[in-house]
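Report on the structure given below.
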Amino acid sequence: QLQLAESGGGLVRPGGSLRLSCTPSGGPLNVFAIGWFRQAPGKEREGIACISQSGRDKNYETSVRGRFTISRDDAKNTMYLQMSGLRPEDTATYYCVASSTLSFGCAIGRGADSDYDYWGQGTQVTVST
């Protein structure tokens with residue numbers, strides 16, 4: 001059973017940067033499509049970035065494209081979300097996810113959370129002065 005653990009969240013000023021990490025136990029990440037979701041208080045959970053099992057395909061939600069970068073280091077069996085140009089509206093709990101059913105590509109659109117069967121516990125990111 002794959003288990004995911006996020007780290008790297010915290011408090012950062014607007015315009016700042018953070019790097020989130022996701023480390024699995026119970027299996028390698030490179031056999032799954034993986035990604036990051038977030039949920040802000042009072043808002044729906046949304047997918048923001050994903051990378052396919054092959055690593056060739058990456059998708060980003062519009063509001064984070066150009067500011068966030070998802071990556072996977074197979075040697076370290078770790079996934080990252082590099083976030084820069086952070087805004088107050090990026091404040092949320094961030095979850096790393098993995099899918100055993102997405103064989104090609106990856107998904108972050110509406111309803112995509114149902115495609116991911118493994119979820120971390122979440123790490124809080126707060127962007128504030």
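The values are calculated or read from the model by the stated rules, or taken from the named source; none is laboratory data. Model, not experiment: these values are computed from the prediction. We place every Cβ from the backbone using ideal geometry, glycine too, and count neighbours over all the protein chains shown.
Computed quantities for the displayed model
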quantity	calculated
Enumeration of residues in the range 17-60 that are surrounded by fewer than 17 Cβ atoms within 10 Å (Cβ to Cβ) and closer than 14 Å to Met83 by Cβ	Ser17, Arg19
Matching residues in the range 39-92 - criterion: being touching a Cys at 6+ places or on another chain (Cβ under 9 Å) and polar (S, T, N, Q)	Ser52, Gln53, Asn59, Thr78
Close pairs from the range 18-39: first closer than 18 Å to Gly111 by Cβ, partner at pLDDT 90 or above and surrounded by fewer than 17 Cβ atoms within 10 Å (Cβ to Cβ), Cβ under 6 Å, at least 6 apart	Phe37/Arg45; Gln39/Arg45
Test: residue in the range 42-60 that is modelled with pLDDT under 95 and on the phi > 0 side of the Ramachandran plot	yes
Considering residues of the range 80-129 that are assigned to a loop (DSSP other than H, G, I, E, B), of a type in the set (Ser, Thr, Tyr) and in contact (Cβ under 8 Å) with a residue 24 or more places away in the chain only, the residue surrounded by the most Cβ atoms within 10 Å (Cβ to Cβ)	Tyr116
